[in-house]
Amino acid sequence: MTSYYKKIVGKIINDDKEYFVGETARLRSLVSKEEANMERTAYDYMQKRLNILEAVSKMKKF
């Protein structure tokens, strides 16, 4: 998860709105459609990533 935080910080520094919008949409889709088909650990991992993206998007108003 540490490498993910580093990636997010880089995207924040570069003000990469497209990444946040696209990745948030992609993860929302996966989490909602594939929840029944994926392992619990994978679901939890994706949900954590989605939570991070949504929190940053709110702060940056993306």
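Each reported figure results from applying straightforward, stated rules to the coordinates on display, with no laboratory input. Just so we're clear, the structure is a prediction, and the values are computed from it rather than from any experiment. All Cβ positions, even for glycine, are placed from backbone atoms using ideal geometry, and neighbour counts span all protein chains on display.
Numbers at a glance
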read-out: Pairs, first among the β-branched types (Val, Ile, Thr) in region 37-50, second outside any loop (DSSP other than H, G, I, E, B), C-beta under 8 Å, six or more apart; value: none
read-out: Complete set of residues in region 1-36 that are farther than 18 Å from LYS61 by Cβ and free of Cβ contacts under 8 Å to residues at least 12 places away in the same chain; value: THR2, SER3, LYS6, LYS7, GLY10, ARG26, SER29, SER32, LYS33, GLU34, GLU35, ALA36
read-out: Qualifying residue in region 4-19 (condition: on the phi > 0 side of the Ramachandran plot and of a type outside the set (A, V, I, L, M, F, W, C)); value: yes
